[in-house]
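For reference, the structure is listed below as structure tokens.
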Amino acid sequence: MILILHPNIDKSSQEYRELMDYLSALRGIRARAHDVEGAQQRLTEIYLLGDTSALQVEEMSLLPGVERVVRVSEEYRILGRHKDDRRSTGFEYNGVRFGQDTLHIFAGLCAVDTPANAEAVMRALTGSGLSCTRMGAYKPRTSPYSFQGHGKACLPYVFELAGKHRIKVVAMEVTHESHVDDIREALEATGHPTGVMLQVGTRNTQNFELLKKVGRQQDFPVLLKRGFGITLEESLNAAEYLASEGNQRVIFALRGMKTNMGDPHRNFVDFAHVPVVKRLTRMPVCIDPSHSVGTRERAPDGLMDIFHATAQGVIAGANMILVDFHPDPAKALVDGPQALLLSELPHFVEDVRIAREAYEKRAAAAKSYATEVA
Ligand code: PEP
Ligand code: MN
């Protein structure tokens, strides 16, 4: 059950205190307050967790400060879409708006190797009008003998270079809670030149303790990768862990499923689930064509499979693209075979623009046909 408070309720007010006193006396129920962005103003919502079946909607609506009550019986209580649910589907971070109706390209290095390569990528991004990137510092590798990422050591120059090239958000995987502190400290030390979106990778989708820790911080939004060997429902519940701990600024990433049914692609591309995730939840949806496809193979029409998969996700309404680029893929320390060249960036951006325009036309047509039927 969710109690949506009147917009003018202050947390230090008498009304708010009375409400929280009443809720804390309810047995077996935890009340958790979340500040969310409403259409016009910030709103406070109180989520009641536990068995709420004995509570009456009418009675709860009369409590001090409460404007509206939404009974949530379905899954994904916080991030899901529910009946009579008018909550927003997005958030703003460091001047960038993320929602189910926006689209951002996060092109960049799978793994940061040298400052020169990080800078070459960022310069190319700015040249193509992009202001977000991906820069892997902590790499979860299959083999303990493979390059594990430069970790904390590369953060200061990555952030400084991002600031220099006017990059607003850097997506960066964390595999341990201490990495969040490293990132916070490096941003502090460099004077906050950019923003960071924490990435929880596919190997950690069900690392519940990491999810709880990342969910408890409010400084950074989170990009949660779908687990490569679990159901969609299980991965969406993992996203709900982040939200139930307090962080609702979550983007859900499709990155392909591990099965040899997807051969010769690295993973079985799952971008047909873009509209499914948008229907079930209020999360913006990201696609990762690089980790899905995994190669630079090209179709007879001249387009690489990575371009085709990207277009398939974008034409289905994807809101974010995470894609690997490298100035010299042969020398990349991680995932070189799937990296696009910087010289291919303008074509990639143009191809995405074409697919997005087609999506917008499709969505407009859907609206006009719906009106005709009605
Ligand atoms: C990545 O994006 O660098 C990555 C390791 O992705 P995934 O967790 O989807 O394998
Ligand atoms: Mn990778």
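Only the coordinates and a few stated rules stand behind these numbers; no lab work does. These numbers come from a predicted model, not from an experiment. Here Cβ is always computed from backbone atoms with ideal geometry, including for glycine, and neighbour counts include all displayed protein chains.
Dividing the Cα radius of gyration of segment 237-304 by its Kirkwood radius returns 1.09 for Rg/Rh. Calculated mean residue ellipticity, 222 nm, the chain: -10500 deg cm²/dmol, from DSSP H runs (n ≥ 4) at -39500 (n - 2.57) each, averaged per residue and rounded to 500.
Treating each Cα of the chain as one equal point scatterer and applying the Debye formula with no solvent, the log10 of I(q)/I(0) at q = 0.08 Å⁻¹ comes out as -0.43.
Result for the chain in a Gaussian network model with C-alpha springs under 10 Å: among GLY149, GLY313, GLY191, the largest mean-square fluctuation is at GLY191.
Springs join every pair of Cα atoms under 10 Å in this Gaussian network model of the chain, and among MET60, MET197, MET257 the largest mean-square fluctuation is at MET60.
Helix 345-373 axis versus longest C-alpha principal axis of the chain: approximately 40°, rounded to the nearest ten.
Backbone geometry of segment 277-283 corresponds, through the Karplus equation with coefficients 6.51, -1.76 and 1.60 at θ = phi - 60°, to 3J(HN,Hα) couplings of 5, 5, 6, 7, 9, 9, 7 Hz, x marking Gly and Pro. Rounded to the nearest 10 degrees, the angle from helix 155-164 to the longest Cα principal axis of the chain is 90 degrees. Close amide H contacts of PHE325 (hydrogens built in the peptide plane, cut-off under 5 Å, sequence separation of 5 or more or a different chain): GLY108, LEU109, CYS110, LEU340. Spin-label model, THR231/ALA54: points 7 Å from Cα along the beta carbon direction are separated by 3.1 nm. Could you identify which residue out of PHE208, PHE252, PHE159 has the top mean-square fluctuation in a GNM of the chain using Cα springs shorter than 10 Å? Taking springs between Cα atoms under 10 Å, the residue moving most is PHE208.
As an equivalent ellipsoid, segment 148-260 spans semi-axes of 26, 15, 12 angstrom, where each value is the square root of five times an eigenvalue of the C-alpha gyration tensor, largest first. For ARG282, the residues whose modelled amide H falls within less than 5 Å of its own, excluding neighbours fewer than 5 places apart on the same chain, are GLY80, ARG81.
In order along segment 304-313, the phi-based Karplus estimate (6.51 cos²θ - 1.76 cosθ + 1.60, θ = phi - 60°) of 3J(HN,Hα) comes to 5, 4, 5, 5, 4, 5, 4, 4, 5, x Hz; Gly and Pro are listed as x.
Among the listed pairs LYS11/LYS83; LYS168/LYS367; LYS164/LYS212; LYS213/LYS331; LYS168/LYS278; LYS168/LYS213, those whose Cα-Cα separation exceeds 29 Å are LYS168/LYS367; LYS164/LYS212; LYS213/LYS331. Relative to the dominant Cα principal axis of the chain, helix 232-244 is inclined by about 60°.
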